[in-house]
Amino acid sequence: MNITILGCGALGRLFAYFLTKNGNNVQGWLKKDKKGSICINIIHTNNTKDSIILPTNNTLHLNNSNLLIVTLKIGNIIYSLKQIINFINKNCVILLIYNGLGIEKKLLFIKQPLLIGITYHAVYKESETIYHNHKGLTIIGKINSIIKNINYDILIKKLNLALTNVIWYENIYIVKLKKLVVNCVINPLTTIYNCKNGELLKYNKSIFSICKELSSILKYMGIFINTKDLVILVINIINSTKNNISSMLQDIKNNRYSEIDYINGYIIKCARLYNLYVYENIKLLNMIKYKELNVINNN
Ligand code: PAF
């Protein structure tokens, strides 16, 4: 497959690495329109190292891509896609993989077949090296029905060969909400306590209170999952990604705005619609906003 990856952060590089190794023709697409290449250095889950060279920003490659994988931060997706949408052919499948929710209604300008993916791969980037900490499940589903005759089975099989554990799921919104809940707990707490995911097990009281609140709001959003099951879900992800630095903590450490508005902020907006007050989520949002203030002041 000819693939372009828009967004070459930790996850984009991880996917680019595995898809290249699996024999696909992959390029990265960087914000600074620089035709050239980047080096991907990876430390695998078993501590072995490898490197590949990834070509970047070749418009012909973009034009001939059968698959565009977008691994940008949620807040950058719409703007960056609009910059390149005219160079993407109408049959190219666009796969968006992002944390958080809230931009879905703004994606209508996309006339290509559009998929959403949720991944539990855990990876972080330090200087030019990515550390792959957990080979997690990736779940993909479609959010528009443009070009109905695409054989998604073949696409999923190909992705599965490269990325391991890729599955198709019809009701992708439910999967997205479950991942949102996980991110609502792990991402702000790791950022507030400045710790790796695994260290969160010490804060089980906070995990319980946040999950309790999330369980009650989820009912209104169509998901019935009790507090105990939500805690189990979160604890399982904490355990399987224990050596990871959450994406929110990576953002703050790197002096970037976080995705808090699309994670806990999304829950707060939904709660308002139902006249509910989500104390725990508001508290987390305010604490992260405070950290962001420090980031901006430092610049
Ligand atoms: O955002 C993240 O960091 C990841 O979604 C997860 C699963 C919390 C692992 O760190």
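The values are calculated or read from the model by the stated rules, or taken from the named source; none is laboratory data. Remember, it's a predicted structure, so these values are computed and weren't measured experimentally. FYI the Cβ positions are ideal-geometry reconstructions off the backbone, even for glycines, and counts take in every protein chain you see. Areas reflect the complete protein model, heavy atoms only, side chains present, ligands, DNA and RNA absent. Shrake-Rupley method; radii C 1.70, N 1.55, O 1.52, S 1.80 Å.
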Checklist entry - What's the longest piece of the chain with no exposed GluC sites (Glu not before Pro), counting a site as exposed if DSSP puts it in a loop and it has at most 15 other beta carbons within 10 Å? => result 171-299
Next on the checklist: Please compute the per residue accessible area over the chain with all protein chains in place, 1.4 Å probe, rounded to a whole number of Å².
Outcome noted: 48
Checklist entry - Can you pull the accessible area of residue 39 for me, 1.4 Å probe, Å² to the nearest 10? => result 50
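Which percent of the accessible heavy-atom area of segment 2-170 goes to carbon and sulfur, probe 1.4 angstrom?
Ligands and nucleic acids excluded, carbon and sulfur give 52 percent.
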Checklist entry - If you take the charge dipole of the chain about its Cα centre, with +1 on Lys and Arg Cβ and -1 on Asp and Glu Cβ, which of 80, 159, 171 is farthest toward its positive end? => result 80
Checklist entry - When the scattering of segment 141-212 is computed by the Debye formula from its Cα atoms alone, each counted once and equally, what is log10 I(q)/I(0) at q = 0.15 Å⁻¹? => result -0.71
Item to check | Pair residue 272, residue 39: separation of 7 Å Cα→Cβ label points (nm) | outcome: 4.8
Checklist entry - Hey, got the dipole for the chain? About the Cα centre, +1 on K and R Cβ, -1 on D and E Cβ, debye to the nearest 20? => result 260
Item to check | Efficiency of FRET from Cβ geometry, residue 161 and residue 227, R₀ 45 Å, rounded to 0.05 | outcome: 0.70
Next on the checklist: Loop-only chymotrypsin sites (Phe, Trp or Tyr not before Pro) in segment 100-134, please: DSSP not H, G, I, E or B, and at most 11 other Cβ atoms within 10 Å.
Outcome noted: 109
Checklist entry - In nm, what is the difference between 0.36 nm times the number of residues separating residue 49 and residue 209 and their Cα-Cα distance? => result 53.6 nm
Checklist entry - For residue 212, which aspartates and glutamates qualify as cross-link partners when the Cα separation must be under 19 Å and same-chain residues fewer than eight apart are set aside? => result 229, 280
Checklist outcome for this item: Expressed in angstrom, Rg and Dmax over the Cα atoms of the chain are 18.8, 53
Item to check | Portion, in percent, of the accessible area of segment 174-297 that falls on carbon or sulfur, probe 1.4 Å | outcome: 54
Checklist entry - Given 0.36 nm per residue, what is the gain on full extension from residue 294 to residue 199 after removing their alpha carbon distance, in nm? => result 31.8 nm
Item to check | Using distinct alpha-carbon pairs, which all enter the 1/r mean, Kirkwood radius of segment 130-260 in Å | outcome: 16.4
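At most 14 other Cβ atoms within 10 Å and a DSSP loop assignment: could you name the trypsin sites (Lys or Arg not before Pro) in segment 1-35 that fit?
Answer by residue number: 31, 32, 34, 35.
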Checklist entry - How much length is gained on full extension from residue 254 to residue 78, taking 0.36 nm per residue of separation minus their Cα-Cα distance? => result 61.1 nm
Next on the checklist: Helix-only mean residue ellipticity at 222 nm, the chain, DSSP H runs n ≥ 4 weighted -39,500 (n - 2.57), per residue, nearest 500. What is it?
Outcome noted: -14000 deg cm²/dmol
Checklist outcome for this item: If one builds a Gaussian network model of the chain from Cα atoms under 10 Å apart, the most fluctuating residue listed among 138, 20, 45 is 45
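Only sites in a loop by DSSP and with at most 13 other Cβ atoms within 10 Å count here; which chymotrypsin sites (Phe, Trp or Tyr not before Pro) in segment 204-266 make the cut? Intermediate results must be reported in sequence, preceding the final value.
Working: sites: 208, 220, 224, 257, 262, 266; in loops: 224, 257.
When the chymotrypsin sites (Phe, Trp or Tyr not before Pro) of segment 204-266 are filtered for loop state and at most 13 Cβ neighbours within 10 Å, 224 remain.
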